[in-house]
Amino acid sequence: MDDSSTEYDVEAHHERHAAAIDGWREDVRGCFVDSVALTTETGPHRVRVSVLG
């Protein structure tokens, strides 16, 4: 929300930020993978990915 006629409100800012983070957390869950292949000089090397938190 970018409205220069509205006074800044810390609580409203916090609520917008928290809502944005919640949305991001929901969206990112679908992007996790179990493993990836890393390119090395000797060829690809598959490693397991662990999600923290």
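The values are calculated or read from the model by the stated rules, or taken from the named source; none is laboratory data. Just so you know, these numbers come straight off a predicted model, no measurement behind them. Glycine gets a Cβ as well: all are built from the backbone with ideal geometry, and neighbour counts include every protein chain shown. Quick note on the areas: whole protein, heavy atoms, side chains included, nothing else; ligands and nucleic acids left out. Shrake-Rupley method; radii C 1.70, N 1.55, O 1.52, S 1.80 Å.
Observations
- Ordering P44, H17, C31 by the projection of their Cα atoms onto the charge dipole of the chain, which places +1 on the Cβ of Lys and Arg and -1 on the Cβ of Asp and Glu, puts P44 at the extreme positive end.
- Low-density loop cleavage sites - GluC sites (Glu not before Pro) in the chain, where at most 12 other Cβ are within 10 Å (DSSP): E7, E41
- About the centre of its Cα atoms, the chain shows a dipole size close to 660 debye [charges on the beta carbon of Lys, Arg (+1) and Asp, Glu (-1) only; nearest 20 debye].
- Using 0.36 nm per residue and subtracting the Cα-Cα separation, the extra length available between A20 and D34 on full extension is 2.5 nm.
- Convex hull volume per residue for the chain, taking Cα atoms only, in Å³: 135 Å³
- If a spin label sat at a point 7 angstrom from the Cα of T6 along the line to its beta carbon, the backbone N atoms of the stretch 13-53 nearer than 13 Å would be those of 13-17.
- Once C-alpha pairs closer than 8 Å and six or more residues apart are averaged by separation and normalised to the residue number of the chain, the relative contact order reads 21 percent.
- Karplus 3J(HN,Hα) series, Hz, for the stretch 40-50 with 6.51 cos²θ - 1.76 cosθ + 1.60 (x for Gly, Pro): 10, 4, 9, x, x, 10, 7, 10, 7, 9, 10
- Heavy-atom accessible surface of the chain: percent carbon and sulfur, 1.4 Å: 52 percent
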